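Since the structure comes first, as structure tokens, the remarks are kept for the end.
The values are calculated or read from the model by the stated rules, or taken from the named source; none is laboratory data. Note that the structure is a prediction, hence the values are computed from the model and not measured. Methodologically, a virtual Cβ is constructed for each residue, glycine included, from the backbone with ideal geometry; neighbour enumeration extends over all protein chains shown. Surface areas here come from the heavy atoms of the whole protein model, side chains and all, with no ligands, DNA or RNA. Shrake-Rupley method; radii C 1.70, N 1.55, O 1.52, S 1.80 Å.
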Amino acid sequence: MTRKVTKAIFPVAGLGTRFLPATKSIPKEIMTLVDRPLIQYAIDEAREAGITEFIFVTSRGKGALEDYFDHAHELESSLKKSGKTELLDILRGTNMDSGAIAYVRQHKALGLGHAVWCARRLLGDEPVAVILTDDVIMGEPPCLQQMVEAYKETGGTMVATMEVPIEKTKAYGVLDIAEDMGAIVRAKGMVEKPKENPPSNLAVIGRYILAPTVMDNLNKLKQGAGGEIQLTDAIADEIDEGRGVYGLRFRGQRFDCGSKAGFLQATVAFGLARDELKDEFAEYLHDIMSMRKAAE
Ligand code: G1P
């Protein structure tokens, strides 16, 4: 029997320099796809997977992110008075129960492994999910829920994974596969951003379910690739110690919202997925593509 996954860590301390000047005054996690901030997509996915405790690893300048989860009483009562129940529901969907959220500060940008390690005192002897908000995944059921289901079978540690072109593997954690069972693979190794000879083209995408022992590994870790403390290394240590590490080829489409091109693609995809927007938006996209073709 695996233990239930009820806590999730959201590492949100990054500076978001790739989106300057926007991120000069707003955290990148507040940037919106259509009308919802990236962080809301991550929270909704976590909730649907059964997460009830949300741990944010933040840094200086992330005040707007913390405020985002406060109840907006004035706004709520004004919407209530004017009978705007639909908007009221949307707004209430962003509220978090008191005590459901914890904020931990990462004082130095020492990498993803370090960010996760900063949350260690809030965890007991239980598995914990990690969601990277840059990786937005459109999937039904949502990616983390698919992972929780698969994890019930495998236990151990699980990462979301997908095939990428081999030349792109240097931007990812990459799995070395011991056994390929179709949707689930068992790993015999994991390398962070391999400069050459990637062990496969199965890249790690930003969803994890970590066994509690990963935290012990992080305690011992030194700086790895890029001078950072890598979560990948702490997971690879699990394999060295004989514990199971699995990858789930999730069903769904992943957008790299840490890059401008990925963010724009996500905007198009999520725009087209909205009933109230899709017709007008699709027509517009069709028109500009035709105009581009005609101009060529
Ligand atoms: C992080 C992880 C990497 C993973 C990637 C997924 O890298 O370190 O293993 O493949 O997220 O998006 P980052 O993109 O933050 O450099």
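A few notes on this one:
- Residue in the range 78-91 that is within 30 Å of residue 123 (Cβ to Cβ), among the β-branched types (Val, Ile, Thr) and within 23 Å of the chain's Cα centre (by Cα) present: no
- Hits in the range 119-175 - residues which are among the polar types (S, T, N, Q) and over 29 Å from residue 105 (Cβ atoms): 145, 146, 154, 161, 169
- Whichever residue in the range 119-149 is within 16 Å of the ligand (Cβ to nearest atom) and part of a helix (DSSP H, G or I) and, among such residues, is surrounded by the most Cβ atoms within 10 Å (Cβ to Cβ): 144
- Picking from residues in the range 217-249 that are more than 12 Å from residue 157 (Cβ to Cβ) and of a type in the set (Lys, Arg), the one that is nearest to the ligand (Cβ to nearest atom) is 249.
- Subset of the range 261-296 (residues that are polar (S, T, N, Q) and either within 30 Å of residue 155 (Cα to Cα) or away from the ligand (no atom under 16 Å from the Cβ) (or both)): 267, 290
- Complete set of residues in the range 163-220 that are among the charged types (D, E, K, R), closer than 21 Å to residue 253 by Cα and in contact (Cβ under 8 Å) with a residue 40 or more places away in the chain: 163, 207
- Inter-residue pairs, beta-carbon under 6 Å, first on the phi < 0 side of the Ramachandran plot and in the range 229-247, second hydroxyl-bearing (Ser, Thr, Tyr), 6+ apart: 235/157; 238/157; 245/157; 246/154; 247/161
- Looking at 252, 258, just one residue is within 22 Å of residue 142 (Cβ to Cβ) and within 14 Å of the ligand (Cβ to nearest atom), and that residue is 258.
- Scanning the range 35-63 for residues that are closer than 20 Å to residue 110 by Cβ and open to solvent by less than 50 Å² (accessible area, probe 1.4 Å) yields 55, 56, 57, 58, 59, 62.
- The residues of the range 1-17 that are at pLDDT below 90 and open to solvent by 30 Å² or more (accessible area, probe 1.4 Å), listed by number, are 1, 2, 3, 14, 15, 17.
- Subset tally (residues that are aromatic (Phe, Trp, Tyr) and over 17 Å from residue 256 (Cα atoms)) for the range 17-70: 4
- Taking first residues from the range 249-269 that are closer than 22 Å to residue 200 by Cβ and partners that are among the charged types (D, E, K, R) and away from the ligand (no atom under 14 Å from the Cβ), the Cβ contacts under 9 Å between residues at least 6 apart in sequence or on separate chains come to 251/140; 252/140.
- Of the residues making up the range 161-216, those that are away from the ligand (no atom under 12 Å from the Cβ), among the β-branched types (Val, Ile, Thr) and in contact with a Leu (Cβ under 9 Å, 6 or more places away or on another chain) are 177, 184, 185, 209, 214.
- Residue within the range 64-80 that is touching a Gly at 6+ places or on another chain (Cβ under 6 Å) and open to solvent by 20 Å² or more (accessible area, probe 1.4 Å) present: no
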